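Reading through the structure tokens given below for one structure.
Read the figures in this text as sums done on the coordinates, not as results from a lab. It should be emphasised that the depicted structure is a prediction, and the values quoted were computed from it without experimental measurement. Counting neighbours? That spans all protein chains shown, and the Cβs are built from the backbone with ideal geometry, glycine included.
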Amino acid sequence: MQSSLSDIYLQKMKHLFIIMLIISPAFIFAQDMIYTLKGDAIEAKVIEIGRKEIKYKKFSNLTGPDYRMYIEDVNRIAYESGAVDVFNEMKKNSGSSFKVTPSDLGNNHIYLNVIDILFQNVTLGYERIVGEQGKLGLRVPVSFSLYGNTLNDIVFNSYNVFYSGIDLNFYPFGQRQASFYIGPAIRSGLARFRYEVYDEFNYQSVITSSAYASILFQGGFTWNPVKELTITSSLGLGSRRYFDASPNNRNTVTTASFWFAFGYRF
């Protein structure tokens, strides 16, 4: 009787051992592996593959938050089943131009508008990219003039003494090495004008100043030849409202802005 019980016990143990051998690889190799173009290997559980992004959970924290990664940054995914999806081939560095991927790009920009230097203005800007997909940028420009107060210092009949404001830049395709954006811009500042006044004998030049506010709609293009350097070009059109004196006795005039700027991205 005891021998029979022992045989039954051994038989059940063999069955249990066989079952464990069968299912143990599923526990050991149950994670998906995401291989990036940078050479990183991420243990993950892939949840969804979209048109532009991959959504996954870290294998070490399956109950934790979801993570997203641009497909542009992924070389391949090796699934727990053994299947493999290849998205981008690994390219060896052979001296060709450096490709900047979305994950390389920082969310902060500092700009210098080099075009304004030609007009004796110094215009700086700071932009912060917000949102998971990087489709919205908030930019604050600050500009001040290098002109003096004498008539001889003024080349044009009007110029900005100072202005600042805020730009809302919408990036339809998110952040890429080359990106397009559109959006409204608001400006507030101080302008100075020169005009001629006739007295009984001759014309005299007079300078006056006025505060103003502007609203524009602009479109632009950014390019990152390397991840730290940003080159930006944009054109904006809109209207400007003067609160005090104004050129040609008009309180509301058409205005435009043009940016060609170099910046640092981090």
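I need the calculated FRET efficiency for the pair L118 and I71, taking r as the beta carbon distance and R₀ as 35 Å, to the nearest 0.05.
Numbers: r = 42 Å, r/R0 = 1.20.
It comes to 0.25.
Working ranking of peptides 183-192, 31-40 by packing, defined as the average number of other Cβ atoms within 10 Å per residue, highest first, is 183-192, 31-40.
Could you give the length gained on full extension between S205 and I166, defined as 0.36 nm per residue of separation minus the Cα-Cα distance, in nm?
Result: 10.6 nm gained on full extension.
Judged by the mean number of other Cβ atoms found within 10 Å, the most tightly packed of the peptides 46-58, 67-79 leads the ranking 67-79, 46-58.
Using the Kirkwood formula over every pair of different C-alpha atoms, what hydrodynamic radius in Å results for the stretch 198-238? Show your work: numbers first, answer last.
Numbers: mean 1/r = 0.0670 Å⁻¹.
The answer is 14.9 Å.
Would you mind checking K52/K99; K57/K135; K55/K227; K52/K135 for any pair whose Cα atoms are more than 19 angstrom apart?
Values: K52/K99 17 Å; K57/K135 23 Å; K55/K227 24 Å; K52/K135 13 Å.
Those over the limit are K57/K135; K55/K227.
A simple spin-label model places pseudo-atoms 7 Å from Cα toward Cβ; at V86 and Y126 they are separated by 4.6 nm.
Provide the FRET efficiency to the nearest 0.05 for the S103-T252 pair, computing r from the beta carbons and using R0 = 41 Å.
Working: r = 45 Å, r/R0 = 1.11.
Once the sixth-power term is evaluated, E becomes 0.35.
Given a Förster distance of 22 angstrom, what is the FRET efficiency for A178 paired with S239, based on the Cβ-Cβ distance and rounded to 0.05? Efficiency for this residue pair is about 0.10.
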